[in-house]
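Report on one structure; see the data block that follows.
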Amino acid sequence: MDNQEKRHQPKDTHSPISKYILVNMLLFAMCISSTTAHAQDKTAEIDKVFSWATNNSPGCACAVSKNGKLLVNKAYGLADVHRTVAITNTTVFDIASIQKQFVAAAVLMLEKEGRLSLSDDVRKHIPQLPIYGHKITIDHLLTHTSGLRDWTGILPLSEDKPDAMTLILRQEGLNFEPGEEWSYSNSGYVLLKEIIARKSGMTIDEFLRKRIFVPLGMKSSQYLSNLRDSVKDRALAYEKQGDGWKLDIKLDNDRGGGGAMLSNPHDLIIWNDALANNKLGKLITQKLQEAARLKNGRRIGYARGLYLDQDRNNRVIWHTGGSAGYGSVLVRFPDQDLSIAIACNSGDEGNRLLAVRRIFDLFAPDRDTTKRSPGSPDQNFSVAIDPEDLKAKEGLFFNERTNQPLRLGISNGRLRVVNGGPLVTIDKDRFRNPDSQLSFFSNDKFEIHFISKDQFELKTIEGKVTRYRRAKAFRPTANELQAFVGRYKSDEIGGYFELSVLSNALMGRVNEGAAPGFPLTPVDTDAFQLSNVMVRFLRDSAGKVIALEYSNPVVRKVQFKKILPK
């Protein structure tokens, strides 16, 4: 994949597939068997978890508490590779989206003081937000149910590279009606920080410092509005490049233009223990960890700035953070009164999710591993069907109402939704989603019923039925591809696509990207795909191409109008 192709695709550290992997790794941690380690051996075992971090590489810091007592606070690797400065217990990291729970707590404090209500229309506090025809509440922002496009999925397309707030306020459409779905959107938390500032009369960094960090004793934590400011004990971030390391840090508008929260695992453990002991007040703590509901009443695995999961009788409350080479994870297991915090500056090197699994296994060997009762039905049991019948059902399908894509594939003899997991076979035409994953259909345990080989109905757990159709074969000739050639501009994005034909393939490039750009594969009538990006062309009543709609996992149907010759 060339650089131009990489730029037009959002780097989504909270993508559906990464969420699916994380949840399963965390839950797996709670049910695998382990050997009991003596207390004095646990530090040595944790050293082994981070043994990949050397005196010549970036690394991680890790802290663990159990029953309110700090048991581990260790550091591995370098904060500054060039100057060989070691990571220490006081080193701070950009914790990225872990900050969302702090922003949510700040909003709840203002609600308790009567300065706002979670049911307020966001436009009451930010009237500059466009009128979308649907009320977006503060709680929609907190729970990722607003339908706002995620600015991180739009910025790579913008030529002028504005700050996140400017980009958000330019958007003319929503991904979905507020409250109808869950979809992770950083845009909501950009607006929340602005609301906090407007209602409190303090900047977000001042509010968090005075109301949270100082009272709780989080001495190393701060919100830094300008990431170019000098900060004592800050780790730089890197990515692996061959045998060495390259700086990998997002600054300025690439980071949203609004700064970031810096902290370390020790302070994050203080925060987790504060939540465990209601130090913010019982009402605020409860609301922060209260499962959100969609319009249809479905409870989802997200609260306000926190993910909520459960494995049998064991609860998991967690969030990750990722920005360029920074990566962090903060997890609390309430039933074991165990907290684990890890912050790293090593990009994809060192699997912090696997580290959580191994550390949990060290400190909670006596967790509940209740088995299914003998004779009870296996909810994941699949009946066997003819492999040819199964193969006939794979392929790309589109929602007949919204044109949203859904791809079915086969893995290990089972039909699966690509990026969503395997389905249980009920009979040769009926399949069920056995696992309720938040990032995939908003925790829906849906059922699929094929009514023909080219059409199926998806029935939600509440009984709503949506029909999907198979993508139609589309093999345009070189002459037919000429109808799509040209420049397409979007004022709300502040960028354009340039499309051309090369060797019987439609090629696209974003703004001033290097020609000829990236190839677009035809997948349906007037629709083309590149990885997780879908481009669908629109025609007027005379059949002339006049625009295209761009979609990716966090952005739906952004329209780019074709610039027609004068």
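Considering only residues in the stretch 130-177 that are over 13 Å from residue 494 (Cα atoms) and among the aromatic types (Phe, Trp, Tyr), the one that is farthest from the chain's Cα centre (by Cα) turns out to be 132. Taking each residue of the stretch 386-403 that is touching a residue at least 12 places away in the same chain (Cβ under 8 Å) and looking for partners that are among the hydroxyl-bearing types (Ser, Thr, Tyr) with beta-carbon atoms closer than 7 Å, six or more apart or interchain, yields 397/468; 398/468; 399/466; 399/468; 400/468; 401/466. A search for C-beta distances below 8 Å between a residue of the stretch 50-63 that is in contact (Cβ under 8 Å) with a residue 12 or more places away in the chain and any residue that is among the basic types (Lys, Arg), counting only pairs 6+ apart in sequence or on different chains, returns 50/74; 60/352; 61/74; 62/74; 63/74. Scanning the stretch 198-224 for residues that are over 19 Å from residue 92 (Cβ atoms) and in contact with a Lys or Arg (Cβ under 6 Å, 6 or more places away or on another chain) yields a single hit, 199.
The residue of the stretch 322-352 that is farthest from residue 92 (Cα to Cα), among those that are of a type in the set (Ser, Thr, Tyr) and part of a strand (DSSP E or B), is 339. Going by the conditions given, is residue 221 of a type in the set (Gly, Ala, Ser) and surrounded by 19 or more Cβ atoms within 10 Å (Cβ to Cβ)? In short, yes.
Kindly indicate whether residue 416 is under 22 Å from the mean Cα position of the chain (by Cα), touching a residue at least 12 places away in the same chain (Cβ under 8 Å) and not in a loop (DSSP other than H, G, I, E, B). Criteria not met by residue 416. The single condition among (1) touching a residue at least 60 places away in the same chain (Cβ under 8 Å); (2) within 21 Å of the chain's Cα centre (by Cα) that residue 247 does not meet is (2). The residue of the stretch 434-479 that is surrounded by the most Cβ atoms within 10 Å (Cβ to Cβ), among those that are of a type in the set (A, V, I, L, M, F, W, C) and outside any loop (DSSP other than H, G, I, E, B), is 456.
Output the residue which, of all residues in the stretch 353-402 that are in contact with a Lys or Arg (Cβ under 7 Å, 6 or more places away or on another chain) and more than 17 Å from residue 431 (Cα to Cα), is modelled with the lowest pLDDT. So the residue we want is 370.
The set of residues in the stretch 515-535 being touching a residue at least 40 places away in the same chain (Cβ under 8 Å), of a type outside the set (S, T, N, Q) and closer than 23 Å to residue 181 by Cα consists of 533, 534.
The values are calculated or read from the model by the stated rules, or taken from the named source; none is laboratory data. Given the structure is predicted, the values throughout are model-derived calculations rather than measurements. Positions of Cβ are backbone-derived with ideal geometry, glycine not excepted, and every protein chain shown enters the neighbour counts.
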